[in-house]
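Everything on this sheet refers to the single structure shown next.
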Amino acid sequence: MSAPRDKRALPPRPSSWSAPAAWAAPCCSISPAPASGAWSLSITTYAMADLGQLKAERACAALQRFNPTIVARPVAERLTPQNAAALVAAADLVVDSADSFAVTYILSDACHDMGKPLVSASIVGLSGYAGAFCGGGPSYRAVFPEITSDGGTCATIGVLGTAVAVVGGLQAHLALHLLLGLQPGVLGRVFTFDARRPGFGGFDFAGSPEPESFVPFIAPAAVNDDDVVVDLRGLDEAPQSPFVGALRLDVDHVATLSAERSRRIVLCCQSRAGRAGLGDGVIGASFSVANRDK
């Protein structure tokens, strides 16, 4: 089976997992968002009383109710290129349940650099997958080097709650499989689930080459005065760019900046740019950098 190339067709969804009673290793949950009840699998972690409260804090409280012997530490802040390295460095394994292209690639870059395993999952409609990346195996970028605008999203075609539960459980199992050191290993493998058939599949991507170059995400503080900043968002999304002098161009006209080869080009984008296939940068947190010399 060939590897799916479309991250948007299978956006990551939330999952939860609990540690065996013998473990006392710290568990860190990162989320800036309040519980909204929008994610079907949240019923395993969140209750109606949690609506409007920070997900990270309520998730850690739920895990400690399930197993009071574990130590859980919530980090209720947005993951950015600035804090990702420190957070990943403190972890043995990273589980990506962020539903954000930017976060997935930021985590993959950090995990790949530090040799930490990353378990990421995606689902939309009736199908999804979970895979184990980095940690000595190929990164997420090796399997999904580019984001395309093909395929639907949960907002446009929905998602079946039971399918989310299956993929979330699979993601949790991959995390435990890696932490317990079970064999054969799962690094470099993607497991797929199709709830319409229903059935499982997957593929092995061990040995997949890393991209020779890519467009990384950076934080706003990393933007320099000499950078050419292009705000790809429409005026309805961002009437005023946070960067003075930023160019307002759409995706199709970015190539006209070829004359700026001596300067770094920073692409500021949110949902509109994500749909165009340039990523899902979050306003004020994540920005893409394009080096014209690459």
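The values are calculated or read from the model by the stated rules, or taken from the named source; none is laboratory data. Because the structure is predicted, anything quoted here is derived from the model rather than measured. As a convention, Cβ positions derive from the backbone with ideal geometry for all residues, glycine included, and neighbour counts pool all protein chains shown.
Let's see how each residue does on (1) loosely packed, with under 15 Cβ neighbours inside 10 Å; (2) assigned by TED's automatic domain parsing to the domain that holds S127; (3) more than 22 Å from the chain's Cα centre (by Cα):
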site: V186; (1), (2), (3): no, yes, no
site: T192; (1), (2), (3): no, yes, no
site: R196; (1), (2), (3): yes, yes, yes
site: L232; (1), (2), (3): no, no, no
Checklist entry - Out of all the residues in segment 172-181, is one or more part of a helix (DSSP H, G or I) and touching a Ser or Thr at 6+ places or on another chain (Cβ under 6 Å)? => result yes
Checklist entry - S31: modelled with pLDDT under 75 and touching a Lys or Arg at 6+ places or on another chain (Cβ under 6 Å), yes or no? => result yes
Next on the checklist: Can you confirm whether P68 is out of contact with any helix residue (DSSP H, G or I) (no Cβ under 9 Å at 6 or more places or on another chain), outside any helix (DSSP H, G or I) and loosely packed, with under 15 Cβ neighbours inside 10 Å?
Outcome noted: yes
Checklist entry - Restricting attention to segment 48-61, does a residue exist that is on the phi > 0 side of the Ramachandran plot and either modelled with pLDDT of 85 or more or part of a helix (DSSP H, G or I) (or both)? => result yes
Checklist entry - Among the residues of segment 113-133, is any of a type in the set (D, E, K, R) and assigned to a helix (DSSP H, G or I)? => result yes
Next on the checklist: Out of the residues in segment 182-222 meeting the condition of being free of Cβ contacts under 8 Å to residues at least 40 places away in the same chain and assigned to a strand (DSSP E or B), tell me which one is nearest to P117 (Cα to Cα).
Outcome noted: D204
